[in-house]
Amino acid sequence: MDRMEHLDPLALAAFQDGGLTSGERASAETHLAVCAACRDRLGAQIRAAAGREAEGDEGRRAGGGFAGAIRPDREMRRELLVAAAFGAVLVGAGLWWAADRAAPERGASVQERAAIPRETDSAPAPAAPSAADRELAAGERDRRAADRAAEPSPAEDVESELLALRGGARRVDGKTFRLEGDQWVDDAWTAPPGRPPLSLVRGTDAWRAALAERPALARYAEVGPRVLVVLDSLAFRILPAP
Amino acid sequence: MSAPATPDRRWAEDLALTRACAAGDEAAWRELERHHFPYVRAFAQRFGLPEHVAEEVAMQVIGDLWRRETVARYEGRSALRTWLGALVTNAALTARVRMRAREEREQRAARPASSEHGMEDAEYEAALGESTIAALDKLDFRSRLLVLLHYEQGLTLEEIGRMEGSSKATMSRRLHAIRAGLRADIEHRLAARGVSWDEIRPDVDLARLDLSLEALLGRTRAAEPPAGAGV
Ligand SMILES: [Zn+2]
């Protein structure tokens with residue numbers, strides 16, 4: 001099973017202190033550029049070391065700040081759109097790398113899988129190579145580069161979110177969905193939320209795990225082939241089986 | 001990060017300590033406990049978690065450290081405390097995610113649904129959004145990472161530079177060049193779509209781009225203006 005390999009605390013610490021070789025560093029940078037979960041941990045540990053983590057967290061990344069910042073005038077909307085576009089591409093980049101290849105783990109919620117490293121040091125597996133070993137293996141890198149080339153670009157994935165939609169609406173269980181591009185989008189969605197939406201491809205293990213945890217997803221999945229739905233303040237992008 | 005790990009001389013003492021611990025040296029364990037466990041506890045207090053949750057986080061990390069195989073994982077490729085900080089961060093963010101998910105579930109009912117999408121400028125917005133996406137998508141990984149660490153993670157250019165042994169001035173130049181390139185690329189793409197730059201200019205102005213990025217991605221940053229932000 002192809003999985004996303006996050007940077008473990010050892011690797012993040014070595015990254016922070018400049019203890020990686022240049023090859024390892026380049027590989028780590030490549031991962032960090034597309035993985036919000038690892039960036040969050042790196043950012044948090046550095047901010048915490050500098051004593052400014054606790055107060056800086058509120059309202060970060062859209063959630064409160066973005067919504068709160070919206071003013072109704074045209075100028076401001078345009079300005080925010082630039083920001084939204086930027087955020088969306090990041091979200092897209094992270095997703096494209098991460099979510100579709102992340103396999104579910106028993107006992108962990110979908111949100112935690114998206115946000116938290118798979119391999120934590122609180123449950124180390126000493127015999128297995130660390131995440132960073134695999135992350136940094138040259139062969140693995142090449143293979144991933146090939147994988148990435150075969151996948152849709154982040155921009156393709158997110159553009160439809162940003163395009164204005166004049167399509168009809170569908171209501172399911174009190175939620176309203178509007179067609180945006182080729183995707184039905186929950187009205188409760190304010191792009192982008194605190195966490196990137198988790199992509200769920202129908203028929204995969206990840207999809208079944210998410211269904212087991214949130215059975216309501218099944219009803220919303222019926223809205224269309226591609227659905228972006230917000231549930232428990234988490235966003236899920238439901239995609240058709242390949 | 002294990003096989004050919006080369007310990008850095010800078011952290012030789014740290015490595016000697018953890019190796020002694022892994023070998024079962026009682027004195028080394030006492031040293032670890034006396035000098036580093038308080039740091040773990042203090043570090044766990046820095047995430048804005050309720051006191052008892054922070055203490056649980058610290059206890060979880062310390063509990064793990066008591067196991068020889070955990071402490072043996074340290075390879076001297078960062079300061080011991082940086083690694084301890086990373087372990088605590090990991091546990092703290094996990095705790096925070098759980099806490100927030102619970103809180104948000106509880107508050108969800110009380111929160112009004114927000115869906116205010118005035119679409120009168122739809123064409124314009126689509127053009128700008130698509131152009132911006134395309135421009136950002138063209139950034140190389142290192143450039144994208146720099147933008148993200150700065151705007152999204154709120155790290156200072158000094159902090160970012162320190163990680164790769166570059167000066168703040170170097171990072172500032174890099175970021176400035178990236179932003180300028182971003183803007184030029186957006187302008188170019190808009191022009192190709194027949195949208196005039198005059199109409200767009202105020203929005204893509206560098207300073208405004210900064211404001212937008214901050215509004216979306218930014219967290220409170222240590223007092224430092226965005227690199228090269230001019231009006
Ligand atoms: Zn990651």
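Values quoted throughout were computed directly from the atomic coordinates according to the rules given, and no laboratory measurement underlies them. As the structure is a prediction and not an experimental result, all values here were calculated from the model. All Cβ positions, glycine included, derive from the backbone under ideal geometry; neighbour counts span all protein chains shown.
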Notebook entry, point to check: residue A:202 to residue B:184: FRET efficiency via 1/(1 + (r/R0)^6), r the Cβ-Cβ distance, R0 25 Å, to the nearest 0.05?
Noted result: 0.05
Checklist line | Phi to ³J(HN,Hα) by Karplus 6.51 cos²θ - 1.76 cosθ + 1.60 over the stretch B:146-152, Hz, x for Gly, Pro | finding: 4, 4, 5, 4, 7, 7, 7
Check: How big is D, in µm² s⁻¹, for the stretch B:10-102 by Stokes-Einstein at 37 °C and 0.692 mPa s if Rh is the Kirkwood radius over C-alpha pairs?
Finding: 243
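Quick one: B:36, B:188, A:6, fewest Cβ neighbours within 10 Å first, how do they rank?
On the way: B:36 18, B:188 13, A:6 23.
Result, fewest neighbours first: B:188, B:36, A:6.
Show me the chymotrypsin sites (Phe, Trp or Tyr not before Pro) within the stretch B:38-90 that DSSP assigns to loop and that have at most 16 other Cβ atoms within 10 Å of their Cβ. Before the final figure, lay out the partial values.
Numbers: sites: B:39, B:43, B:47, B:66, B:74, B:83; in loops: B:66, B:74.
Listed in order of number, the matching sites are B:66.
Within 10 Å of each candidate Cβ there may be at most 13 other Cβ atoms; applying that plus a DSSP loop requirement, which trypsin sites (Lys or Arg not before Pro) in the stretch B:28-75 survive?
Values: sites: B:30, B:34, B:41, B:46, B:67, B:68, B:73; in loops: B:67, B:73.
Those that pass, being in a loop and sparsely packed, are B:67.
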